[in-house]
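Enquirer: The structure follows.
Coordinate-derived values only; no laboratory data. Just so it is clear, the structure is predicted and the values come from calculations on it, not from any experiment. Heads up, the Cβs are rebuilt from the backbone with ideal geometry, glycines too, and the neighbour counts pull from every protein chain shown.
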Amino acid sequence: MSKKEASGKDSSRDLGDEFNIPNLDDARPKTSNDKGSAFYRLGQNKEHIPALEIQKAGKEFFLLPYSYQPIVHYAPETGLLIKTMQYDILIKGHGNFAKLAREITKQKVIWIKEATNEKPDSDSELFIKEISIVDKSL
């Protein structure tokens, strides 16, 4: 009998478990009272958020520990740039990127998500069209 069968739980861990990051599907806003939008989620006031989860349009995601002390630069003509010693993450789209940039610098953003289609939601304050991640060590 496997550990899963004996305990009724799956004993395997994923990277999100190590950083104590909620499952992206469970963290998406469900009501208008939630903080964030369809493209990002904010943590609660005193919640410690160890890493920013960056979700690509497919199943691929990237965890950026806030301990990497990212530098956040927003310029409307180029997009939102998050820089660390090893990575450059460029987020393009339209909407209130200045607010998102400020929340990232406060380490309050749990996840951000790239759009799965080209059409922005009409009631969304932010639309993330594309996220590119460049590993500068390669």
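Enquirer: Return the distance in nm (one decimal) between the two label points of a simple spin-label model at Met85 and Lys119, each offset 7 Å from Cα along Cα→Cβ.
Expert: Reported label-point gap for Met85 and Lys119 is 4.6 nm.
Enquirer: Please state the Cα pair-distance histogram of region 94-138 with 10 angstrom bins from zero: what percent is in each bin?
Expert: Histogram of Cα-Cα distances, whole percents per bin: 23, 47, 27, 4.
Enquirer: Further question on the same structure: Please sort 60-66, 86-92, 75-81, 106-112 by packing, taking for each peptide the average over its residues of neighbouring beta carbons within 10 angstrom, highest first.
Expert: Peptide ranking by packing, descending: 106-112, 86-92, 60-66, 75-81.
Enquirer: To continue, here is another question. Report the extension gain between Tyr68 and Thr105 in nm, rounded to one decimal, defined as 0.36 nm multiplied by the number of residues separating them, less their alpha carbon distance.
Expert: Taking 0.36 nm per residue and subtracting the Cα distance, the gain is 12.1 nm.
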